[in-house]
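Have a look at the structure below, then the notes.
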Amino acid sequence: MIDQLKARLNLKAVLRNVELLPEIDDLSRELIKDWEISIRLSIWRDTNILLNFHNGRCTFLADTIEKGTVSLFFCSAAHLNNMMENNASPLPLSGFTRLGFLKTEFSKLTSRLEYFLKPPSDVVQDDRHKMINLSLALSTAVFAIPELLQLDPVSRRIAPQLSAGTLQLSVLPEGPYAYVIYDGKGGAKAFTGKAARPEALLTFRNPEIAQLLVDGTLDSFGAVAKGDIQLRGKIPLIDHTNVILDQIPKYLQ
């Protein structure tokens, strides 16, 4: 189950950021501006994603029947996880003439994603770099929640206690923003941006405080006491979400 959950997080939380990155990073936007290709990644008897590049944008789809220009197959969850750690290669099922594109152009985009998600220790981050890193980290965190509710033991125990409602996460003064809609049946859907009418709000005073949360190093009680975090609405929804988010480092480093 650990391999399966890790693989789903890699596909649906980490690689999902390929959709977001060109929207917030100029170099990535320039890189994909002329791409007309769709890339499907699928795990045997489990899940799949499709990254569709068209008109200078990337669209992410999960668990779709759509076929890609290029189709990459993984024999198991462990196979995909090994690829994410550069210890294995996928099995191409279609699009053999575009494999060169994957090794050159597409790898530049995924390297750019890794550069922001795992910044090299010798890189001095300016404010723009930090904001991109935070946006991607927050996206990874919220999109991990639905998968954790399905397969993580701690999150599954919490799931029945989650009432239906929307939790908005906001970073002052200008974002990023993300929200999670809980269905009251143990499931959830995540989104980037602002929700129309959230029942609970988790607001961070500045990006530095939010970064501590996604890094798993924030003292939540102390932050609330100092006013670094504001809680409003359905507080149990926020408390349960924090416990779920605490599980992410078990699977993603």
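The values are calculated or read from the model by the stated rules, or taken from the named source; none is laboratory data. Not measured: the values here are computed from a predicted model. Please note: Cβ atoms are built from the backbone with ideal geometry, for glycine as well, and neighbour counts cover all protein chains shown.
Of the residues making up the stretch 218-225, none is among the acidic types (D, E) and surrounded by 14 or more Cβ atoms within 10 Å (Cβ to Cβ). Do you know which of the residues in the stretch 65-101 that are surrounded by 15 or more Cβ atoms within 10 Å (Cβ to Cβ) and of a type in the set (S, T, Y) is farthest from D26 (Cα to Cα)? It comes out as S76. Pairs linking a residue in the stretch 154-175 that is crowded, with 17+ Cβ neighbours inside 10 Å to a residue that is modelled with pLDDT of 95 or more and among the charged types (D, E, K, R), with Cβ atoms under 6 Å and 6 or more positions apart or on different chains, are G165/E199; G165/K234; T166/E199.
If the condition is being hydrophobic (A, V, I, L, M, F, W, C) and more than 18 Å from the chain's Cα centre (by Cα), then the stretch 105-131 contributes F106, V123, V124. Of all residues in the stretch 173-192, those satisfying the criterion of being of a type in the set (G, A, S) and either part of a strand (DSSP E or B) or within 15 Å of the chain's Cα centre (by Cα) (or both) are A178, A188, A190.
Of everything in the stretch 71-98, what is of a type in the set (S, T, Y) and not in a helix (DSSP H, G or I)? Give them in sequence order.
Residues satisfying the conditions are S71, S76, S89, S94.
Kindly establish whether K185 is among the charged types (D, E, K, R), under 25 Å from I2 (Cα atoms) and loosely packed, with under 14 Cβ neighbours inside 10 Å. When the stated conditions are applied, K185 passes them.
Just one residue in the set S28, S42, S76, S38 is touching a Gly at 6+ places or on another chain (Cβ under 6 Å) and hydroxyl-bearing (S, T, Y); that residue is S38.
A count restricted to the stretch 235-252 and to residues that are assigned to a helix (DSSP H, G or I) and of a type in the set (S, T, Y) stands at 1. At least 3 residues being within 14 Å of T241 (Cβ to Cβ) is the threshold, and among the helices (runs of 4 or more DSSP H) wholly inside the stretch 100-172 those reaching it are 127-151, 153-158.
Could we say that D215 is within 19 Å of the chain's Cα centre (by Cα), touching a residue at least 40 places away in the same chain (Cβ under 8 Å) and more than 21 Å from T47 (Cβ to Cβ) here? Judged against the criteria, D215 is a match. For the stretch 161-193, a residue qualifies if it is modelled with pLDDT of 95 or more and under 18 Å from L136 (Cβ atoms), and the qualifying residues are L169, S170, V171, P176, Y177, A178, Y179, V180, A190, F191, T192, G193.
Per this entry, I32 is counted among residues that are touching a strand residue (DSSP E or B) at 6+ places or on another chain (Cβ under 8 Å) and over 21 Å from S89 (Cβ atoms). Checked against (1) outside any helix (DSSP H, G or I); (2) within 24 Å of D25 (Cα to Cα), R232 passes all but condition (2).
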